[in-house]
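The values are calculated or read from the model by the stated rules, or taken from the named source; none is laboratory data. The structure presented is a predicted model; accordingly, all values stated were derived computationally and were not measured. Ideal geometry is used to build each Cβ from the backbone, glycine not excepted, and the neighbour counts take in all protein chains shown. SASA here: full protein model, heavy atoms, side chains in, ligands and nucleic acids out. Shrake-Rupley method; radii C 1.70, N 1.55, O 1.52, S 1.80 Å.
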Amino acid sequence: ANLSTNIAGLHLPNLFFNASGVCCQHEHELKQLLESDSGSLITKSATYEMREGNPSPRYVPLPAIQSSINSMGLPNEGYEYYLAYAKKYDYSNPKPLFVSLSGLSVADNKKMVEGFVAANLPCVLEINFSCPNVPGKPQLGYDMEAMESALNVLAPIIKKPFGIKLPPYFDIAHFDTAAAIFNKFDNLAYLTCINSVGNGLAIDFETETALIKPKDGFGGLGGLMVLNTALANVNAFYRRCPNKKIIGVGGVTSGKEAFLHVLAGASAVQIGTQLKEEGPKLFSRVKKELEDIMVAKGYKSLEDFRGKVKTL
Ligand SMILES: C=Cc1c(C(=O)O)[nH]c(=O)[nH]c1=O
């Protein structure tokens with residue numbers, strides 16, 4: 001079975017990679033991804049300046065439901081660290097490099113994008129419109145006008161194919177409005193759906209206390225509990241944006257959920273919570289699981305079933 005795929009004009013040897021934020025803030029973590037069975041890798045969302053992020057505990061697994069809650073607060077080494085990494089990356093490596101940028105303002109995103117464009121590197125830029133955990137900063141992904149004006153600034157500067165990281169939407173009208181905006185930008189080559197489901201609250205029954213420290217315990221939800229919201233967002237934009245690819249993320253713990261993401265329309269699949277809990281050896285497991293599923297169902301490539309979810 002062939003698990004290869006193409007995003008933004010680049011070939012990925014297999015469709016799996018990390019969700020931005022997991023196993024990708026520091027070079028040694030990115031090296032682990034390079035040495036794993038992932039098909040690609042993406043860096044932790046960068047801000048213009050380095051950030052420590054929110055106070056801990058700020059990530060907690062919810063093992064009973066194979067999920068997690070986080071309010072990391074955008075800890076990262078600052079965009080120049082990731083620009084330096086992208087400059088010395090070996091692009092003869094079969095794994096393409098994706099770089100995530102999450103500026104605290106459009107001006108910051110513009111400065112970071114200009115830095116990468118000036119360097120003229122083969123890496124793919126992904127603009128994160130959906131960080132739910134920066135206190136006092138409403139996420140761009142839920143402000144349609146702000147998202148469109150940010151794209152009007154950034155898309156012409158980037159020129160090359162790029163992607164955006166989207167929050168989950170929960171209303172058909174929002175899928176319609178957002179897709180209409182995205183379809184205005186030809187070099188917006190792909191959409192990554194979904195970021196964590198924002199501002200959930202996990203409470204410990206025994207101690208009667210919130211599990212994470214930032215924001216009174218409010219944080220982004222990930223893992224199996226967000227799978228069906230993720231599948232809906234992948235399929236909603238797959239149907240509405242025929243000229244764009246969709247990267248599916250949310251709830252992938254095994255080959256089975258990855259299969260469902262491709263059935264919903266995903267061209268690549270990212271893994272966050274399960275990668276955080278299991279480590280990069282996860283990629284060997286889910287690859288094998290998906291290959292076995294495809295053989296059992298008689299599919300030879302992802303194209304044989306991508307987007308072919310049936311309705312009643
Ligand atoms: C980039 C910040 C993000 C963070 C974070 O650093 O808190 N957590 C998420 O679940 N999604 C994000 O996009």
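Please sort through the DSSP H helices of the chain and keep those with an alpha-carbon extent of at least 24 Å along the long axis and a Kyte-Doolittle average not below -1.0.
Working: long enough: none.
In the chain, no H run is both long and hydrophobic enough.
Roughly how big is the range 210-297's charge dipole about its Cα centre, with Cβ charges of +1 (Lys, Arg) and -1 (Asp, Glu), in debye to the nearest 20?
Numbers: 13 positive and 7 negative charges, 57 e Å.
Charge dipole of the range 210-297: 280 debye, to the nearest 20.
Using a 10 Å cut-off on Cβ atoms, rank the peptides 98-106, 287-295, 37-45 from the highest mean neighbour count down. Don't jump to the answer; show the numbers that get you there.
Values: 98-106: 22.3, 287-295: 17.0, 37-45: 25.8.
Final packing ranking: 37-45, 98-106, 287-295.
As a check on your grasp of the helix formula, calculate [θ] at 222 nm for the chain: sum -39500 (n - 2.57) over DSSP H runs of n ≥ 4, divide by the residue count, round to the nearest 500.
Numbers: 9 runs with 105 residues, N = 312.
The helix-only estimate for the chain comes to -10500 deg cm²/dmol at 222 nm.
Would you mind computing, in nm to one decimal, how far apart the modelled labels at ARG285 and GLU35 are, each placed 7 Å from Cα along Cα→Cβ?
Each label point is offset 7 Å from its Cα along the Cβ direction, giving 1.9 nm.
Could you work out what % of the accessible surface of the chain is carbon and sulfur, using a 1.4 angstrom probe and leaving DNA, RNA and ligands out of the count?
Working: 7220 of 13240 Å².
Using a 1.4 Å probe with all protein chains present, the chain comes out at 55 percent carbon and sulfur.
Have a look at CYS193, ASN183, LEU74 and report the one farthest towards the positive end of the charge dipole of the chain, computed about the Cα centre with Cβ charges (Lys/Arg +1, Asp/Glu -1).
My answer, from the dipole projection, is ASN183.
Leaving out ligands and nucleic acids, note down the accessible area per residue over the chain with a 1.4 angstrom probe, in whole Å².
Values: 13240 Å² over 312 residues.
Averaged over the residues of the chain, the accessible area is 42 Å².
Which value, in debye to the nearest 20, describes the size of the charge dipole of the chain about its Cα centre when Lys and Arg Cβ atoms bear +1, Asp and Glu Cβ atoms bear -1, and nothing else is charged? Mind showing how you got there, number by number?
Numbers: 31 positive and 30 negative charges, 167 e Å.
That gives the chain a dipole magnitude of about 800 debye.
Share of antiparallel DSSP beta bridges in the range 19-130, in percent to the nearest 5? Write out the running numbers ahead of the final one.
Numbers: 5 of 12 bridges.
Here the antiparallel bridges make up roughly 40 percent for the range 19-130.
Kirkwood hydrodynamic radius (Cα pairs, Å) of the range 182-312?
Over the range 182-312, the inverse of the mean reciprocal pair distance is 16.0 Å.
At a threshold of 8 angstrom on Cα-Cα distance, excluding pairs fewer than six apart, so keeping six or more, what relative contact order does the chain reach in percent? The partial results should precede the final answer.
On the way: 696 pairs, mean separation 66.2, N = 312.
Across the chain, relative contact order equals 21 percent.
As a test of the definition: which semi-axes, in Å, follow for the range 6-147 when you take the square root of five times each eigenvalue of its alpha carbon gyration tensor? Largest first, please. Each step should come with its number before you reach the end.
Values: eigenvalues 110, 84, 42 Å².
In descending order, the three semi-axes are 23, 20, 14 Å.
Using the alpha carbon gyration tensor of the chain, what are the three equivalent-ellipsoid semi-axes (square root of 5 times each eigenvalue), largest first, in whole Å? Mind showing how you got there, number by number?
Working: eigenvalues 127, 116, 84 Å².
Over the Cα atoms of the chain, the ellipsoid semi-axes are 25, 24, 21 Å.
Sort 140-148, 223-231 for me by packing, meaning the mean count of neighbouring Cβ atoms within 10 Å per residue, highest on top.
On the way: 140-148: 17.3, 223-231: 20.9.
Those peptides, ordered most packed to least, come out 223-231, 140-148.
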